[in-house]
1. Report the Cα centroid-to-centroid distance between region 274-333 and region 158-187 in angstrom, as an integer.
2. Where a Cα-Cα gap under 16 Å defines reach, which lysines qualify for K266, not counting those fewer than 8 residues away within the same chain?
3. Of I208, P232, I194, which is farthest towards the positive pole of region 178-241's charge dipole, taken about the Cα centre with +1 and -1 on the beta-carbons of Lys, Arg and Asp, Glu respectively?
4. Which of the listed residues, Q314, G302, Q362, is farthest toward the dipole's positive end in region 299-363, when Lys, Arg count +1 and Asp, Glu count -1 at the beta-carbon?
5. With only alpha-carbon atoms counted, please give the Rg and Dmax of region 217-314, in Å.
6. Just flag the trypsin sites (Lys or Arg not before Pro) in region 258-354 sitting in loop per DSSP whose Cβ has no more than 14 other Cβ atoms within 10 Å.
7. Could you tell me the accessible area of L291 in Å² (1.4 Å probe, neighbours in place), rounded to the nearest ten?
8. Throw me the Rg/Rh for region 249-393, computed over C-alpha atoms with Kirkwood Rh, two decimals.
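The values are calculated or read from the model by the stated rules, or taken from the named source; none is laboratory data. The shown structure was predicted, so the numbers you read here are calculated from the model rather than taken from an experiment. Cβ: placed from backbone, ideal geometry, glycine included. Neighbour counts: every protein chain shown. SASA here: full protein model, heavy atoms, side chains in, ligands and nucleic acids out. Shrake-Rupley method; radii C 1.70, N 1.55, O 1.52, S 1.80 Å.
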Amino acid sequence: MATRDYYEVLGVARDADADTVKKAYRKLAMEHHPDRNKGDAKAEQRFKDVNQAYDVLKDPQKKAAYDRFGHAAFEAGGMGAAGAGGGAGAAGARGFGDFTQGFADIFEEMFGDSVGGRGRGGQGARGRGSDLRYNLEVDLATAFAGKEARIRVPTSIACDSCNGSGAEGGAAPTTCPSCGGAGRMRAQQGFFTIERTCPTCAGAGQVIDKPCRKCSGAGRVQRDRTLTVNIPAGVEDGTRIRLAGEGEAGVRGGPAGDLYIFVSVKPHPVFRRDGRTLKIDVPIAMTVAALGGQVEVPTVDGPRARITVPAGTQSGQTFRLRGKGLSGLRQAQRGDMLVEVKVETPVNLTARQKELLKEFAQGAPGGGRKSNSPQTEGFLSKMKELWDDLTEK
C-alpha cells in the first residue's frame with residue numbers, strides 16, 4: 001500500500017473538488033501507464049500509486065474515511081475500515097490487473113461507452129424521436145389577449161401498418177443472433193475489455209426478419225400533423241412553448257420527442273412595445289396644443305381612451321394612461337400606455353389664415369405681456385450672448 005499522502009500523489013489540494021481530482025488522475029495515469037513506459041518498474045509502481053489514490057479520493061465515503069483516519073482507514077482492523085466500505089482490500093491489496101476499472105474512466109471520457117463493460121445493450125431498439133422546432137408569428141392583439149392557434153407541422157408518426165414495430169404485420173422482433181440481445185460485442189485487448197456496437201443489429205439487440213414494407217423497418221413514416229397550441233397572454237418575442245411528446249415519433253415504438261414553438265410578435269402599425277409598456281405617437285393640431293383640449297387615442301383592447309391636453313403643450317410631451325398596456329406572461333397586472341404628442345404645423349393655409357398668423361407673429365401690443373414663444377426667445381438670447389462674446393474677442 002502506498003505510504004505517501006493520496007493528495008500528494010495526485011498533486012491536488014485537500015479541498016479539491018471531484019472534477020479537479022479526476023483531471024489530475026487522468027494526466028498522471030496517462031503519463032505513467034506501463035504501455036508508455038515498457039520495462040520501467042518505477043513507472044509501474046507510480047501507476048499503481050496513482051490508481052490507488054484515485055480509487056479512494058473519487059469515492060465520497062472512502063474520501064471521508066481517509067480524511068479522518070488516513071491510511072489506517074483501509075488497513076485490516078483499522079479505524080474506519082467499515083465506513084470505508086471495503087476494509088484492507090478496498091484500496092491497498094489490489095493486483096496490477098485490477099486497475100483497469102479505474103483507468104477505464106479515462107477511456108470512457110475519450111470514447112464514450114465503447115470501453116469497460118458499461119454498455120447499454122438493447123437501448124437502440126426503441127430510440128427516442130427527435131425534438132422539433134416551429135416558428136410561430138402572432139400579432140399584437142394575440143400577444144395581448146392570447147388565443148388557441150392551429151398549426152401544421154411536418155413530422156414523423158408511428159407507422160399504422162406495423163404499429164410502430166418496424167416488422168411486417170406488427171410481428172415482434174427477434175433476438176439478435178450476433179450479440180444475443182446485448183446490442184454490444186466485447187473483445188479483450190491487453191488490460192482492457194473493449195466493447196463496441198453490434199454491427200448486425202446496430203445496437204438494437206433485436207433484428208427484424210421481415211421489415212414492414214410501408215416504413216422499411218423504421219416503425220415510422222413522414223406525415224403532416226395539425227395541432228392546437230394555446231398562446232398565453234403576454235407572450236413576447238422569443239417566448240418558447242414546449243409540447244411534450246409532440247415531436248418526431250421514436251424508432252420502432254420508442255418515445256416521441258418534444259415540439260418547441262418559438263413565438264415572434266409582428267410589428268404593429270401604431271403601437272410600439274417595451275415589455276408591458278405600450279407607446280404611441282399621436283399628432284395634435286397647433287391650435288389644440290396652444291389652447292388646450294381633449295384628444296382620443298386608440299388602445300390595444302378596443303375602446304378609445306381620452307386624454308386632456310393642457311394649453312401650451314409642447315411637441316414631444318408624454319402622457320401616461322395607467323393600466324392600458326400589456327400584461328406580462330402569466331401576470332394579470334397590466335402595464336401603462338405612454339402617449340407622446342406631436343404638434344402638427346398647419347399646411348394649405350388660406351389667405352385669411354396667413355394674415356392671422358402674421359399678426360400673431362408680430363406679437364400683441366402693450367408692455368408686460370409674457371412671450372408667446374419663451375423657448376424660441378430664450379434660445380435666440382443665448383445665441384446673441386454667444387455671438388457678442390465671439391465678436392469681442
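1. That distance is 67 Å.
2. Correct list for K266: K147, K279.
3. Positive-most Cα among the choices belongs to I208.
4. The residue sitting most towards the positive pole is G302.
5. Expressed in Å, the Cα Rg and Dmax of region 217-314 come to 24.3, 81.
6. Filter output for region 258-354: R304, R322, R330.
7. That residue has around 140 Å² of solvent-accessible surface.
8. Value, to two decimals: 1.27.
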